[in-house]
1. Check region 263-280 and report whether any residue there is surrounded by 16 or more Cβ atoms within 10 Å (Cβ to Cβ), over 30 Å from VAL52 (Cα atoms) and hydroxyl-bearing (Ser, Thr, Tyr).
2. Listed residues ARG181, ARG204; which is open to solvent by 80 Å² or more (accessible area, probe 1.4 Å), over 25 Å from PRO105 (Cα atoms), under 34 Å from the mean Cα position of the chain (by Cα) and at pLDDT below 95?
3. List, please: which pairs have Cβ atoms under 8 Å, are six or more places apart or on different chains, and start with a residue in region 385-408 that is modelled with pLDDT of 85 or more and open to solvent by 60 Å² or more (accessible area, probe 1.4 Å) and end with one that is part of a loop (DSSP other than H, G, I, E, B) and of a type outside the set (A, V, I, L, M)?
4. Collect the residues in region 87-103 that are touching a residue at least 40 places away in the same chain (Cβ under 8 Å) and under 27 Å from ASP249 (Cβ atoms), keeping them in residue-number order.
5. Please give the number of the condition ALA419 fails out of (1) surrounded by 12 or more Cβ atoms within 10 Å (Cβ to Cβ); (2) closer than 30 Å to VAL261 by Cβ; (3) modelled with pLDDT of 80 or more.
6. Tell me the residue from ILE140, ILE56 that is among the β-branched types (Val, Ile, Thr), more than 19 Å from ALA201 (Cα to Cα) and at pLDDT 95 or above, please.
7. Do we have any residue at all in region 317-340 that's buried (at least 18 other Cβ atoms within 10 Å of the Cβ), touching a Ser or Thr at 6+ places or on another chain (Cβ under 6 Å) and not β-branched (Val, Ile, Thr)?
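The values are calculated or read from the model by the stated rules, or taken from the named source; none is laboratory data. Everything numeric in this text was worked out from a predicted model, so none of it was measured. Here Cβ is always computed from backbone atoms with ideal geometry, including for glycine, and neighbour counts include all displayed protein chains. With ligands, DNA and RNA removed, areas are computed over all heavy atoms of the protein, side chains included. Shrake-Rupley method; radii C 1.70, N 1.55, O 1.52, S 1.80 Å.
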Amino acid sequence: MNSMMLNLLCKAAARLVVVALCALLLPWLAPMAAVADEFPAVRISGAINPVVADFIADQLAKADADRATAFLIEIDTPGGLDSAMRKIIQAILAARAPVIVYVAPAGARAASAGALITLAADFAAMAPGTNIGAATPVSIGLGGGMDETMKHKVVNDAVAYARSLAEQRGRNADWAERIVRDGASTAAGEALALKVIDLVADSRAELLKQLDGRRYLRDGKELRLDLKGAEPVVREMGWARRILNAVSDPTVAYLLMILGVLGIYFEISQPGVILPGVVGAFALLLALFAFQALPVNFVGVLLMLLALVLFILEIKVVSYGMLSVAAVAALTLGSLMLIDSPEPFMQISRAVIFAAVVSTTAFILFCLWFVSRAQRRRVVSGREGMVGEHGQAVTAVHASGKVFVHGEYWEACADEPIAAGADIEVVEVGEQMRLQVRALAPPAAGTAGPKE
């Protein structure tokens, strides 16, 4: 009887322990269950550049490492750098997680590089009121445009790339060729009818609902996309990438170039200040980084650097303002020629150029005025500061003698004899700080010089 009671008590105690452990672990298990239904998402809003490409490639690699259910890219872009686009597409094609590209919100676009990224996705979707296409390549980087032969090669290469992506994902390859050759652009509804995209969805929730249960291929195997109850979690860039992404804007890059020119000019005109030179060099490096992702005409860059050189020469050479006029002209032309692209999103605002040229010119001319005024000012210290000072002869001065100048006694000599007590002026400071002096006027009657 006692053994039966003991067994019952042990079983009851074990049950109580299990219930207590479940109650303790439930707060930790519930979030883990919720995380299991989440998958990563990123957003492209603006031009596609190396910073954006690195960020998306890193996030795709992390999603694969975490065995994510899917990976969502929401896109609204006018295009961008070809090499950055290809890096994103390579990461999409190599990803284990199914990649969804969603052109959203309403009014967004997937133009140029964005269109090819959409073609490369496992699932392509668009919100109503969006468009896709216009993928004709333009020249990007230092140097400007292409000749006809090179343009023909580049277009053919882009056509082959677009068709291969469309064929790999079972999309309309003829349409992919038209957006490259003819710059065609298509609205969401028409893109769905042409089998360019898989669906049109009003919202993320509608997108996930329509995608749930669809099939995709990995390593030749057909897999099912399970998004029931799943929620996308948007991942943002870190602060360092945000800064680099911001400076890749054409207007920001141009202003950094102007800041670099000003900083270096100020450091050269006022040596030893240090800070303007450091800031200017840093701004120039950031501008050069941004120029990798922009259609920069190197003639424009050279004209801006020529303006800097001419402004510096204005300090050293008497040109009666002609060098400054040439520098302003070079700065203005360089600013207008800096970006060589027909795309509006790649252009620098004319208002920004006008304000930058006027303010830069005003600042440099202001510095030039201060420099020239300092050069004309009389020296007040050192050997040069003694020249022109007045004093009195303490003793008779000729081959040697002693004078009182600037509150001190000095050894002195003169070309003509000077009587003791005479007013003198310093003509030159010789070796061993011996003064060369001359008489100013005969000594006044009854005036005695200072005593030793």
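1. Checking region 263-280: at least one residue is surrounded by 16 or more Cβ atoms within 10 Å (Cβ to Cβ), over 30 Å from VAL52 (Cα atoms) and hydroxyl-bearing (Ser, Thr, Tyr).
2. Answer to the check: ARG181.
3. Listed by first residue and then by second, the contacts come to ALA396/PRO417; PHE404/GLY449; PHE404/PRO450.
4. ILE88, ILE89, TYR102, VAL103
5. Here ALA419 clears every test but (2).
6. Checking each option against the conditions leaves just ILE56.
7. No, that holds for no residue.
Residues checked against (1) surrounded by 14 or more Cβ atoms within 10 Å (Cβ to Cβ); (2) over 9 Å from the mean Cα position of the chain (by Cα); (3) within 30 Å of GLU74 (Cα to Cα):
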{"position": "VAL233", "(1), (2), (3)": "no, yes, yes"}
{"position": "GLY238", "(1), (2), (3)": "no, yes, yes"}
{"position": "ILE243", "(1), (2), (3)": "no, no, yes"}
{"position": "THR251", "(1), (2), (3)": "yes, yes, yes"}
